[in-house]
Structures are given as C-alpha cells and as structure tokens.
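Trainee: Here's a structure for you.
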Number of protein chains: 2
Amino acid sequence: MTYTRQLYHFAFDPHSRAVRLALGEKKLPFEEIHVRYWEPSDTVLRLNPSGLLPILVETPEPGNTGQTHKVCEDRSIMEHLEETVRDPALWPSNLNERAEARRLVGWFERKFDYEVNALLLHEKMEKRLMGRGAPDIASMRAGREALKDHLRYFESLLQVRNWLAGHSLSYADFACAGQLSVLDYLDEVNWARYPALKTWYMVIKSRPCFRPLLNDKMPGVPASAHYKELDF
Amino acid sequence: MTYTRQLYHFAFDPHSRAVRLALGEKKLPFEEIHVRYWEPSDTVLRLNPSGLLPILVETPEPGNTGQTHKVCEDRSIMEHLEETVRDPALWPSNLNERAEARRLVGWFERKFDYEVNALLLHEKMEKRLMGRGAPDIASMRAGREALKDHLRYFESLLQVRNWLAGHSLSYADFACAGQLSVLDYLDEVNWARYPALKTWYMVIKSRPCFRPLLNDKMPGVPASAHYKELDF
C-alpha cells in the first residue's frame, strides 16, 4: 500500500532531524512543511495539541483503500515506521540491542533535552528565533558543561561499538545525529576530543539520508566552517 | 518461554507506576526492588546510566535457553512487553489509535513532566524526600495552574472516548493513571470538576492491576482521604 507523506517539521529541531534521517534511510520521499514551532499554527495544533514536532501525515494514494495516518513526534513515528515499512529495519532484531536502542532514543528526550538543549540551544538559537533578546552567558556555559559529559558518554559507547546501540545502525544513531548536527551547525562540538564519536559522525554524515540536512540554513546564523564537510 | 521478572522502581514515580499497572494487567508477577531514585545505587546506574526508573530485568527460568533482558524506562518497557507478551494487547490494533496512544504516552514525558511535575511534584514530594527544605509556594502554584490545563484536556478527550486513546484500554491510560494517582495521593486533583475523567479514574482504579498502588505509603505523608476509595 502506497502513501503520500507530509512531514511538519523545523529544520533545526533535533527531533525533526531524527525523523528526516529515518525517512531518508527507508527511502520514503516526503513533502516538507516548515513549522516555526515557537508559534505553531492552528493546523499544527489540530494535528498535535502539544505543538511539538515533527508530525507525519500519510495519505493513501489513489487505489489504496487504507486510512490517512497522523503520527506525532519522533518516538511514535519511529515505532510507526518500523511497523509499517520494515525494510531496512531500524530497530535491531536482538531484543536486548533493541531495548538498548530505545533506551538511547529516550536518553535524548529525558536527559539531553533537559540538560543541554534547555540551556545551550535555548540561549543560542531559540531566543534569537523568538526575538527574546541576548543569550544568558551563565546558562550557555552550564549547557556547554553538560554537553561535555554527554559527549564523553557517547565516546565511551562508540569506543566499543560500531553503532550507538551496538552492532547495527538504528534509530538511536539518528536521534543522536539529529541532536549533534544542530550543535555542530552552531560549532558547539569539539570533535577532536572525541575520536570514536567523530568517526561515527563522519560515517553517518556520509549517508545519502544526511544530505538534505547539510543544506539547511538558519536565518542570520551561518553554519560552522566544517558543517558541510564530510571529512572534517 | 518463561522469565523471572524484577522491577527496579520507586512507588511514587509516575513512570514506575505506569509499568506496574501494565505488568499487572498482563498478569506478569515481578519482584519489587525499591529504589530511592534521587540517590541511585551503583547497581541501578550500571543497569541504566541515566538513573531514571523503572528498570525491568527478565531472567530466563530453568529450561529457558533465552537471554536475560534489561529494559530501561517506561516507553521502552511498554514496547518490549508488547513485543514479547501479546495478550492482552495494550497498544490498540488500529494504526491511528495506536499512534494516538503513543502520542499520549509521550505527552506525559515531554509536557506533563515539564509543566506539572517539575514544579508541583518537585516542591511537594521530591524536596521532602531529598531533604531539600520547604516547598516554594510560587512554584507549587504555577504547577497547580498547569495541572488544571492538563486535567481539562484529559476531560475533553474522555467526554467523547471510552479510554484515553479511543476505544480500548492502552498504555496511555496507564501512563495517565500513573501520573494522576501520585497527585491524588497528595490530594491535588479536584475530581468534582472533571466528571468524565473521574468516571474513567474510578474504572481504572477498580481493576486488579491497580490494587498494589493503593497500598503504597509515602514516609511522613498520609494519603488523601479518598486515595484508597474505589467510589469517591
């Protein structure tokens, strides 16, 4: 059964990026509907009352008698995609590795968003987008310190694993790449200090699914010098 | 294949409660390991580096050649349980209703925890547990105001639905009941204002899976007068 897909997203929302990568990896084309998430439209709020992104809408193509699907936010979209488009699998087949991949996806939602994004991304990107004035230096510094802990943790995992959750590429890699690519655009990742993480990022950045993200532009904020370089 | 189950949890952690309800509904007995989440042990941090609860460990019984499973936090546990113990199903079979159930589970993690628990539960329960002094009245008031918005939203859903996500009981109901039952213990829910929500809560509170939660006791804080009453 074939569907036409629309993705409501914001180019520099890490959770939106995770889903764009997954859709790309599964070779599912989609129409992009750009949403300024800090001022969600009625359409967006009707689709997702939380106002959070991304939102995937799948409309049956002519001849497909299925329903229109509406799926909100990255974790639900990951599960939905995996249940409906099995190839390539993006949850590992081994139960423990699958649980590990889901744990790491949750890590970004319940720890990274709180400890890093609520400070660093809020001060450096969000306030500018929202016209809320200059960044608070102390908050930015606290976010940068927290980021170091997270990067060290990812480095420790990737020292002994091929991919973030273990042997195979999974949604955990896309969740992590969605986050780090936004911070990399803002030149907040000192890759030289995290060699295994840097190798992993070079590999994932070279995948075709990553290409659209490299062309994203934040109004008024140029990308870091190496943002688009595959070999950095 | 049969497993012995252990659940690392804290009795008044809403996410732990959601999983206890789901395990009970699936009639899966488990050994309880009580964790004071604000001072996680090395054992807990080895199982889940985020320190967040609950954590499910499944050990194969003699004769079962399967692996030991380690699954961290409620959303991963819900997906794991559904993939391994299918009866009764707790994700709806219809794709849209399933997406709706997952959206609502996410609502508690990405909105309710931020807007209500980080204020109200933190001030009223967490500070006491952690010995961090008296609650801040202004924060508590802000959490209570946010709670009203959430309760109105759940009420609006349950005015037109049997269960939170639609036609069938799902993890969304357990995620919501896990949250509201903690606030009800603390007498923070004015049920009379939300008649559909109250009816739903009476129904879910009457299920056998709910019984263990009614016996939980918070040190130094007695339960609200109606906490244990099925007809309140």
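Trainee: Using only the Cα atoms of region B:168-232, construct the convex hull and provide its projected area averaged over every direction, in square nanometres to one decimal. Before the final figure, lay out each step's value.
Mentor: Numbers: hull surface 17.5 nm².
Mean projected area for region B:168-232: 4.4 nm², to one decimal.
Trainee: Using alpha carbons only, how many angstrom separate the centre of region B:116-171 from the centre of region A:183-232?
Mentor: 39 Å
Trainee: Can you tell me the length gained on complete extension of the stretch residue A:229 to residue A:68, counting 0.36 nm per residue apart and subtracting the Cα distance? Don't skip to the end; give the middle numbers.
Mentor: Working: separation 161, 0.36 × 161 = 57.96 nm, distance 3.87 nm.
Here the segment from residue A:229 to residue A:68 would lengthen by 54.1 nm.
Trainee: Given 10 °C and 1.306 mPa s, how large is the Stokes-Einstein diffusion coefficient of region B:64-132 in µm²/s, with Rh as the Kirkwood radius over Cα pairs? Numbers along the way, then the final one.
Mentor: On the way: Rh = 14.7 Å.
My calculation gives 108 µm²/s for D.
Trainee: Summarise the partner chain shielding of B:91-100 as one whole number: the mean count of Cβ atoms from other chains within 10 Å of each residue's Cβ. Mind showing how you got there, number by number?
Mentor: Values: counts 2, 0, 0, 1, 9, 6, 0, 6, 11, 4.
Going residue by residue through B:91-100 and averaging, the value is 4.
Trainee: Oh, and also: Amide H of residue B:4 versus every other amide H placed in the peptide plane: which residues, excluding those fewer than 5 positions away on the same chain, fall under 5 Å?
Mentor: Those qualifying (amide H under 5 Å, at least 5 residues apart or on another chain) are B:59, B:61.
Trainee: Quick one: net charge around residue A:50, please, counting Lys, Arg +1 and Asp, Glu -1 for every other residue with C-beta under 9 Å from its C-beta. Intermediate values should be presented prior to the final figure.
Mentor: On the way: positive: B:103, B:110, B:111; negative: A:73.
Summing Lys/Arg as +1 and Asp/Glu as -1 gives +2.
Trainee: Please give the per residue volume of the convex hull enclosing the alpha carbon atoms of region A:3-84, rounded to a whole number of Å³. Write out the running numbers ahead of the final one.
Mentor: Details: hull volume 7.5 nm³, N = 82.
Normalising the Cα hull of region A:3-84 by residue number yields 91 Å³.
Trainee: Counting only heavy atoms of protein chains, what accessible area per residue, in Å², does the protein assembly as shown have with a probe of 1.4 Å?
Mentor: On the way: 19560 Å² over 464 residues.
On a per-residue basis, the protein assembly as shown sits at 42 Å².
Trainee: If you take the Cα Rg of region B:100-171 and divide it by 2.2 N^0.38 Å, with N the number of residues, what do you get?
Mentor: Values: Rg = 14.6 Å, N = 72, 2.2 N^0.38 = 11.2 Å.
Here the Cα radius of gyration is 1.31 times the empirical estimate.
Trainee: Given chain A reduced to its alpha-carbon atoms as identical point scatterers, what log10 I(q)/I(0) does the Debye formula return at q = 0.07, 0.10, 0.16, 0.18 Å⁻¹?
Mentor: Scattering profile of chain A, log10 relative to I(0): -0.22, -0.46, -1.20, -1.50.
Trainee: Further question: Given a Förster distance of 56 angstrom, what is the FRET efficiency for residue A:216 paired with residue B:34, based on the Cβ-Cβ distance and rounded to 0.05? All intermediate terms of the calculation are to be shown ahead of the outcome.
Mentor: Numbers: r = 47 Å, r/R0 = 0.83.
For R0 = 56 Å, the calculated efficiency reads 0.75.
Trainee: A follow-up question, please. How many percent of DSSP beta bridges within the protein assembly as shown run antiparallel, rounded to 5?
Mentor: Details: 24 of 32 bridges.
Restricted to the protein assembly as shown, the bridges split so that about 75 percent are antiparallel.
Trainee: A further question on this structure: Size of the protein assembly as shown along its principal axes in angstrom, Cα-based, largest extent first?
Mentor: 63, 50, 48
Trainee: If you don't mind, there's one more thing I want to ask. Per DSSP helix of 4 or more residues, -39500 (n - 2.57); summed, then divided by the residues of the protein assembly as shown. What does that give at 222 nm, rounded to the nearest 500? Mind dumping the intermediate values first?
Mentor: Numbers: 18 runs with 196 residues, N = 464.
One gets -12500 deg cm²/dmol as the mean residue ellipticity at 222 nm.
Trainee: OK, next. Which whole number of Å³ per residue matches the convex hull of the alpha-carbon atoms in region B:94-232?
Mentor: Details: hull volume 14.9 nm³, N = 139.
Dividing the Cα hull volume of region B:94-232 by its residues yields 107 Å³.
Trainee: Which lysines does residue A:228 reach when only Cα atoms under 25 Å apart count, and residues fewer than 8 places away in its own chain are ignored?
Mentor: Output for residue A:228: A:26, A:27, A:124, A:127, A:148, A:198, A:205, A:217.
Trainee: In Å², rounded to the nearest 100, what is the total accessible surface buried by chains B and A against each other with a 1.4 Å probe?
Mentor: Details: alone 11330 and 11300 Å², together 19560 Å².
Interface between B and A: roughly 3100 Å².
Trainee: Among the DSSP beta bridges whose two residues both lie in region B:1-127, what percent are antiparallel, rounded to the nearest 5?
Mentor: Beta bridges within region B:1-127, antiparallel portion: roughly 70 percent.
Trainee: Where in region A:22-104 are there GluC sites (Glu not before Pro) that are in a DSSP coil and have at most 14 other Cβ atoms within 10 angstrom of their Cβ?
Mentor: Working: sites: A:25, A:31, A:32, A:58, A:73, A:79, A:82, A:83, A:97, A:100; in loops: A:73.
Passing sites in region A:22-104 do not exist.
Trainee: Please give the Cα centre distance for region B:4-55 versus region A:53-73, rounded to the nearest Å.
Mentor: When both Cα centres are located, 35 Å separates them.
The values are calculated or read from the model by the stated rules, or taken from the named source; none is laboratory data. If you're wondering where the values come from, they're calculated on a predicted model, not measured in any experiment. Glycine gets a Cβ as well: all are built from the backbone with ideal geometry, and neighbour counts include every protein chain shown. Side chains included, ligands, DNA and RNA excluded: accessible areas come from the protein's heavy atoms. Shrake-Rupley method; radii C 1.70, N 1.55, O 1.52, S 1.80 Å.
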